[in-house]
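The values are calculated or read from the model by the stated rules, or taken from the named source; none is laboratory data. Because the structure is a prediction, the values reported are computed rather than measured. Using ideal geometry, Cβ is built from the backbone for each residue, glycine included, and neighbour counts are taken over all protein chains shown.
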RNA sequence: GGCCUGAUGGCGGAGUGGUUACGCAGCGGACUGCAAAUCCGUGCACCCGAGUUCGAUUCUCGGUCAGGCCUCCA
């Protein structure tokens, strides 16, 4: 079973070969914690969580290190803190906690490391110092800037040249820049903003440097996989690689090892044709969505298309995801008396995931297993159940009790009331009292409950989530 | 202006140089007191034009349309 991943740098799918299979490393750009995360923010989290889980399966849970940063130094954080009149840590702690809680509902495992910019400041300052010493960075008007001309391969990841960038410049270039593409590593803080001491003067780090410093500190170069949304390819990842290479491998060039051996970028989620963006205001917050739909259904919706494809976020996507899970949980519910055999994901399921994380194809395999579970012989059903549960577990699906899934979040009071009605209806049917049975069904329908009779009793499901 | 994606049936969404994706919805049947579920069967597709080929939805070129990046953004 060979894992292949689409590498943005190579613009092609490549067989995945880790530097050290005992220590597979992955870094994914994480959140800036100044607000609740929207479902678009969750797409890379869930996509790379799926990859994290696959890598753990392939290389062993203890042999995969996954770091995702938390940006807790940022203008928007400063603004929010000023509005509320509190230190930035109040803001960042609040929204980091909310973020982690929301992502947990979506079934995302916590990364191995979740470094915060404020806790990485020494490494950031150290890295900038090395860049200045080697001539890859220069000081100007209180800033420290990265000299893009110091890195021979600058532009290789995003496929543009320094000339392209001058031609395409839409923004006024700061006069202290030696080259228009040069970017800030360290800048003075404005009055009232948080400030950190450094050999280059008091100030704060630029946008890109924290990732490079964290990668060096938490994982070490080169890392195997670097992930993020495809809007980060340029400038963020381009700049990150340039500074990281110059700091870590003294200038890059042909002979230098890579910064990251595989660059992975997820496609965007859009809302009604537009990109979902906090600045456009057309966002669906995870925190709101999880009140209306099971986290597992949202997760399924996010993984129902390939991670590199654009995904249009609509109510229909969520209801179709619920229907898909109803299908699989239904099969499991009807197979409650079948003892699962084995706990290994199916070959076809793994092959689909190993093909650049083809989750739609992997999900199709879950349906195939569901069908085997419904229609197979005794031994086939036992095997199918084992494979279905193990495959689902690998991707973070199907681990609930099917009855609980179909209860759709109904509370204990409602559940007890429904169970009572069901029991009375079963008794009425046993007595062939069809009038009473139909009357009770009507009561249940009014409660949004669908009854499914079977020879010995009945099961039920909540048609809409509670 | 530069760079980069994508265009598949009613909807979502894989994939392939020549035979079934899959899910949801639809239709027919079995089963059922009724219903639901389930099972069996079934219809519906590859943006346009040219080229390569025995054969293209799949490869090449051109076009159209849509989206993203070039500025904070997943």
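Residues that are within 11 Å of RNA strand B (Cβ to nearest atom) and under 20 Å from the mean Cα position of the chain (by Cα) number at least 3 in the following helices (runs of 4 or more DSSP H) confined to the range A:289-363: A:295-303, A:315-334.
Restricting attention to the range A:364-380, the residues that are surrounded by 22 or more Cβ atoms within 10 Å (Cβ to Cβ) and more than 9 Å from RNA strand B (Cβ to nearest atom) total 1. Taken together, A:36, A:48 contain a single residue that is within 16 Å of RNA strand B (Cβ to nearest atom) and either over 12 Å from the mean Cα position of the chain (by Cα) or not in a helix (DSSP H, G or I) (or both), which is A:36.
Summed over the range A:53-87, residues that are in a helix (DSSP H, G or I), within 16 Å of RNA strand B (Cβ to nearest atom) and at pLDDT 95 or above total 1.
Would you confirm whether any residue within the range A:156-174 is at pLDDT 90 or above, in contact with a helix residue (DSSP H, G or I) (Cβ under 9 Å, 6 or more places away or on another chain), surrounded by fewer than 19 Cβ atoms within 10 Å (Cβ to Cβ) and part of a loop (DSSP other than H, G, I, E, B)? For the range A:156-174, residues at pLDDT 90 or above, in contact with a helix residue (DSSP H, G or I) (Cβ under 9 Å, 6 or more places away or on another chain), surrounded by fewer than 19 Cβ atoms within 10 Å (Cβ to Cβ) and part of a loop (DSSP other than H, G, I, E, B): absent. Do we find that residue A:386 is in a helix (DSSP H, G or I), at negative phi and near RNA strand B (Cβ under 9 Å from one of its atoms) in this structure? Judged against the criteria, residue A:386 is not a match. Is it the case that the range A:404-419 has a residue that's surrounded by 20 or more Cβ atoms within 10 Å (Cβ to Cβ) and without any contact (Cβ under 8 Å) to a residue 24 or more places away in the chain? Scanning the range A:404-419, I find no residue that is surrounded by 20 or more Cβ atoms within 10 Å (Cβ to Cβ) and without any contact (Cβ under 8 Å) to a residue 24 or more places away in the chain, so the answer is no.
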